Amino acid sequence: MTQPHALHCNVEVGNQPGLIRQADFNNDGLNDLIVFDYQKPIATILLQVNPASVSTFCPSFRQYAMSTSYSIHQAAVGDMNQDGLVEIVTASDSHVVDIYANLGFDNQGRWIGFGNKIQIAYTTFPQSIELKDLDGDQDADIVYTEASLTEKLQVIENKGFHKNTRTGIYAWVYSDPITLASDIPFLQAQIADMNNDGIEDITVSTAYSDAGSLLGKDYNFNYIIPQPVQVGVRPLVMKISDFNHDSYLDFITLNSGDNSVTLYYNQSNDPGHFDEFDRIDSPTYGDVAKFMELRDLNHDGYDDVIVGSWRSQNINILIYQP
């Protein structure tokens with residue numbers, strides 16, 4: 001297989017673009033982005049206007065500013081109340097987990113944006129947040145990692161959108177945090193069925209420069225501890241995709257310690273275990289590569305890579321070419 005290479009296009013999004021998340025926020029069928037400023041309580045919403053193509057791979061966007069209560073360091077996007085609209089779940093430097101509800105559309109069909117935050121939990125040093133239904137009730141649960149003093153992998157069970165019998169007001173109901181693993185300096189967690197058994201697994205990376213998949217045993221938050229593989233120096237960001245289209249999910253890490261991207265293929269003869277495919281050293285990411293997102297931007301059927309650098313005023317797009 002030919003080594004992937006990158007074609008670049010730049011989008012100006014402020015002084016210190018950091019965390020990047022992707023979703024169709026306004027339900028127009030196009031992939032949008034939200035970019036959180038690394039230090040300030042602001043974000044830029046990029047609503048895609050003209051999609052990328054094979055011949056013209058740079059998409060165009062309409063930009064909107066969004067205020068946040070704090071500087072957001074971790075975030076995930078997903079439909080939290082089964083209304084067909086994408087919410088944003090964040091963890092900030094104030095050590096809280098919040099939800100920003102998607103307000104939908106006005107009477108003229110125009111997208112309104114996101115509402116004020118709804119605080120659901122306290123945390124200490126959050127490293128990542130992911131959303132997925134782990135217990136089979138169709139409601140997205142919240143999985144997050146903590147490093148430094150606490151060193152935990154935790155889940156908040158989403159118990160649904162219910163009416164308070166006393167106040168008559170509908171609200172989300174969540175459990176207290178449930179600890180799945182501890183005493184490991186977790187950096188990232190991604191949720192997907194890595195061994196095709198129908199149960200969601202949790203793939204994690206750690207400050208020990210390794211990664212592995214916690215394979216789910218049932219729908220009661222019970223997991224088999226992984227056999228880790230070595231990755232690059234400080235794998236700060238990890239994403240999952242079937243890069244080689246063999247029906248088994250692979251993972252890719254963005255290694256902030258040496259500004260590299262490393263791709264690992266899932267072994268189809270031993271699902272849930274991984275071989276290193278290729279290491280792509282990329283000095284063009286700037287002095288500190290910190291954030292990464294996957295999406296097929298040129299509609300060729302393969303996921304591309306979006307990378308943000310801490311002190312750069314640009315995001316970089318890598319077009320995957322097998």
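The values are calculated or read from the model by the stated rules, or taken from the named source; none is laboratory data. Note that the coordinates shown come from a computational prediction; the quantities given were computed from them, not determined experimentally. Ideal geometry is used to build each Cβ from the backbone, glycine not excepted, and the neighbour counts take in all protein chains shown. The accessibility values were calculated without ligands, DNA or RNA, using every heavy atom of the protein model including side chains. Shrake-Rupley method; radii C 1.70, N 1.55, O 1.52, S 1.80 Å.
Listing for the model above:
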quantity	calculated
Every residue from the stretch 122-142 that is open to solvent by 30 Å² or more (accessible area, probe 1.4 Å) and without any contact (Cβ under 8 Å) to a residue 24 or more places away in the chain	ASP137
Test: residue in the stretch 146-167 that is open to solvent by less than 20 Å² (accessible area, probe 1.4 Å), of a type in the set (Ser, Thr, Tyr) and within 21 Å of PHE291 (Cα to Cα)	no
Which listed residue, of SER256, SER241, is touching a Leu at 6+ places or on another chain (Cβ under 7 Å), open to solvent by less than 30 Å² (accessible area, probe 1.4 Å) and modelled with pLDDT of 90 or more	SER241
Failed condition for ASN266, given (1) closer than 15 Å to VAL305 by Cβ; (2) open to solvent by less than 30 Å² (accessible area, probe 1.4 Å)	(1)
Those residues of the stretch 278-322 which are at pLDDT 85 or above and either within 19 Å of VAL233 (Cβ to Cβ) or in a loop (DSSP other than H, G, I, E, B) (or both), in sequence order	ASP296, LEU297, ASN298, HIS299, ASP300, GLY301, TYR302, ASP303
Flag if HIS73 is touching a residue at least 24 places away in the same chain (Cβ under 8 Å) and either polar (S, T, N, Q) or touching a Leu at 6+ places or on another chain (Cβ under 8 Å) (or both)	yes
Subset of the stretch 183-217 that is more than 15 Å from PRO126 (Cβ to Cβ) and small (Gly, Ala, Ser) - its residue that is most open to solvent (accessible area, probe 1.4 Å)	GLY198
Condition met for ASP275 (assigned to a loop (DSSP other than H, G, I, E, B), modelled with pLDDT under 85, of a type in the set (D, E, K, R) and open to solvent by 10 Å² or more (accessible area, probe 1.4 Å))	no
Test: LEU249 is under 16 Å from TYR144 (Cβ atoms) and crowded, with 22+ Cβ neighbours inside 10 Å	no
